[in-house]
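Enquirer: Structure incoming, see below.
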Amino acid sequence: MSPTEGASSTAPVISSRSAIAQINHGHLLHNYTLLNIQAGSTDIMAVVKANAYGHGMESIATSLHLAGCTHFGVTDAQEGLALRQHLTMQSSTHHADITPLSGLFSQHDASLACRANLSPVITEPQHICWLQAADFHGHVWIKIDSGMHRLGAIDPAALILQCREAGISICGLMSHLACADEPEHPMNQLQLETFIQCCETIAPELPRSLLNSAGMISMPEHHMDVVRPGIALYGIEPVAGNTLGLKPVMTLLGSIMQLRDIPAGAAISYGATFIAPKAMRLATVSLGYADGVPRGLSGIGSVSINGISCPIIGRICMDYSMVDVTHMDAALGDLVEFWGEQHPASAIASQLDTISYTLFTGVGARVQRVNGI
């Protein structure tokens, strides 16, 4: 049954305002299983940074940890500390490695890395100095810039030597692809060759990690030692035309707050950008751009109510959206799906000339994440 079927009787009562992101952990584990199959014998670092791409880091990581995932990528030391504390409270029987992918920003971060037993990414000599001052004797990753020119060590060999002199162990070497979602892009081969050559030159014995979700599919013969899937965990196919059968994890839901009949010629919402061409039935829905509904969907987007597609009309407001329900039976309290199984986030992102990441991470803090079916 889709999240919108039977909505009036099954809507979770979690607050006085219906603004819900249903998180389907069954779909999450389905995706994780498919990615494990794709990875083969290669280890998976599940990327749960940015609050698990807006899905809720703690609950997502807990489900993956219980399913056997023992390595997580977060944004920074603060996220790493929060995740370590949460997993420790779960009294899990197996340890988890937690890697702040953005590295360290301060001496305080290094102290957090020591306190929470994190394995941060290192790109600067200063990072190692901070770790030494914090009496850190754990593990780190050395990041190499293979051509994306975003983050990466200028002299990775010197960092390796500095780590060894400081008594800091090295998990391995990593880099990141710029164009993995375009399998034929020449940058992929160029970065692969640059990374391999660098690894062979400075530390051929160390483990290697290069591929993200798209890279796992577009370059399956180069999984190396650790892969780092992110968006694929949450149900977005990372390479067009080469699908794995992933299922959406998030369904963003509001509910109908008011129904009214409007006459032809009536203006809808701010700016009076929509004028009713005929008598219509209008639903006001409890989600707006402050919840993460892109304002760009005004007048061009659609939602799903009880499995029926309904157009968004007029400008999306901070707290509300208006929907045309003239063609269907709708009732107060019916759930309204903005994206999920009925309206794939990837299709909405394409409509807006953006990516699904921006939809997920844009879901506001006042939207309650609840476990779905």
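The values are calculated or read from the model by the stated rules, or taken from the named source; none is laboratory data. Just so it is clear, the structure is predicted and the values come from calculations on it, not from any experiment. Because the Cβ atoms are built from the backbone with ideal geometry, glycine has one as well, and the counts that use them run over all protein chains shown.
Enquirer: Of everything in the stretch 286-343 that's over 17 Å from residue 261 (Cα atoms) and of a type in the set (Val, Ile, Thr), which residue is surrounded by the most Cβ atoms within 10 Å (Cβ to Cβ)?
Expert: 293
Enquirer: Being closer than 30 Å to residue 349 by Cα, buried (at least 24 other Cβ atoms within 10 Å of the Cβ) and assigned by TED's automatic domain parsing to the domain that holds residue 152 is true for just one of 229, 220. Which residue is that?
Expert: So the residue among 229, 220 that is closer than 30 Å to residue 349 by Cα, buried (at least 24 other Cβ atoms within 10 Å of the Cβ) and assigned by TED's automatic domain parsing to the domain that holds residue 152 is 229.
Enquirer: Follow-up question, since we're still on this one. Are any residues in the stretch 97-125 surrounded by fewer than 19 Cβ atoms within 10 Å (Cβ to Cβ) and among the hydrophobic types (A, V, I, L, M, F, W, C), and if so, which ones?
Expert: Answer for the stretch 97-125, where residues must be surrounded by fewer than 19 Cβ atoms within 10 Å (Cβ to Cβ) and among the hydrophobic types (A, V, I, L, M, F, W, C): 105, 114.
Enquirer: Another question, if that's okay. Only one of these is assigned to a loop (DSSP other than H, G, I, E, B) and over 23 Å from residue 193 (Cα atoms): 127, 149, 108, 137. Name it.
Expert: Matching residue, one of 127, 149, 108, 137: 137.
Enquirer: Out of curiosity, is residue 246 among the aliphatic types (A, V, I, L, M), part of a loop (DSSP other than H, G, I, E, B) and touching a strand residue (DSSP E or B) at 6+ places or on another chain (Cβ under 8 Å)?
Expert: Criteria not met by residue 246.
Enquirer: Please work out if residue 290 is in contact with a Pro (Cβ under 8 Å, 6 or more places away or on another chain) and either without any contact (Cβ under 8 Å) to a residue 24 or more places away in the chain or not in a strand (DSSP E or B) (or both).
Expert: When the stated conditions are applied, residue 290 does not pass them.
Enquirer: Any residue at all in the stretch 263-272 that is outside any loop (DSSP other than H, G, I, E, B), in the same structural domain as residue 346 (by TED's automatic domain parsing), out of contact with any strand residue (DSSP E or B) (no Cβ under 6 Å at 6 or more places or on another chain) and buried (at least 18 other Cβ atoms within 10 Å of the Cβ)?
Expert: no
Enquirer: Of everything in the stretch 173-211 that's touching a Gly at 6+ places or on another chain (Cβ under 6 Å) and part of a loop (DSSP other than H, G, I, E, B), which residue is farthest from residue 156 (Cα to Cα)?
Expert: 180
Enquirer: Same structure, new question: Among the residues of the stretch 273-283, is any closer than 13 Å to residue 19 by Cα, crowded, with 20+ Cβ neighbours inside 10 Å and out of contact with any Pro (no Cβ under 8 Å at 6 or more places or on another chain)?
Expert: Checking the stretch 273-283: not a single residue is closer than 13 Å to residue 19 by Cα, crowded, with 20+ Cβ neighbours inside 10 Å and out of contact with any Pro (no Cβ under 8 Å at 6 or more places or on another chain).
Enquirer: Here is a further query. Looking at residue 240 and the list (1) part of a loop (DSSP other than H, G, I, E, B); (2) touching a Ser or Thr at 6+ places or on another chain (Cβ under 6 Å); (3) over 22 Å from residue 41 (Cα atoms), which single condition is not satisfied?
Expert: Of everything listed in (1) part of a loop (DSSP other than H, G, I, E, B); (2) touching a Ser or Thr at 6+ places or on another chain (Cβ under 6 Å); (3) over 22 Å from residue 41 (Cα atoms), residue 240 misses just condition (2).
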